[in-house]
Amino acid sequence: MAKQLNIRKKLTWSAPAGGRFAALASFVKAAEAQGWTDDEIQFVMDEVVEADDDAAGLAILADYTAR
């Protein structure tokens with residue numbers, strides 16, 4: 001069974017133009033700079049990579065973004 005995390009953190013960052021993988025690279029850099037743990041970052045990465053399409057992947061990243 002896949003690991004489940006209850007991440008309540010919200011990241012402050014600006015998503016670049018492009019697909020989910022470009023956004024994910026930027027998200028990871030920002031998360032590292034803001035002190036997210038490796039497990040938290042990996043969990044989000046797994047969710048985005050496993051998403052059905054770019055729109056779904058970008059929606060996942062939006063869930064972890066401070067508004």
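Checking each residue in segment 27-62 for being surrounded by 13 or more Cβ atoms within 10 Å (Cβ to Cβ), of a type in the set (A, V, I, L, M) and within 17 Å of P16 (Cβ to Cβ) picks out V28, A30, A31, V44, M45, V48, L58, A59, I60, L61. Only residues that are part of a helix (DSSP H, G or I) and not aliphatic (A, V, I, L, M) were counted in segment 34-52, giving 8.
Evaluation of E32 against the conditions (1) modelled with pLDDT of 95 or more; (2) within 11 Å of the chain's Cα centre (by Cα) shows that the sole unmet condition is (2).
Filtered by the rule that a residue be in contact with a Phe, Trp or Tyr (Cβ under 8 Å, 6 or more places away or on another chain), not aromatic (F, W, Y) and not in a helix (DSSP H, G or I), segment 5-33 gives L5, I7, K9, K10, L11, A15.
The values are calculated or read from the model by the stated rules, or taken from the named source; none is laboratory data. On a predicted model such as this, the values are computed, not experimentally measured, just so you know. Neighbour counts run over all protein chains shown; Cβ positions are idealised from the backbone, glycine included.
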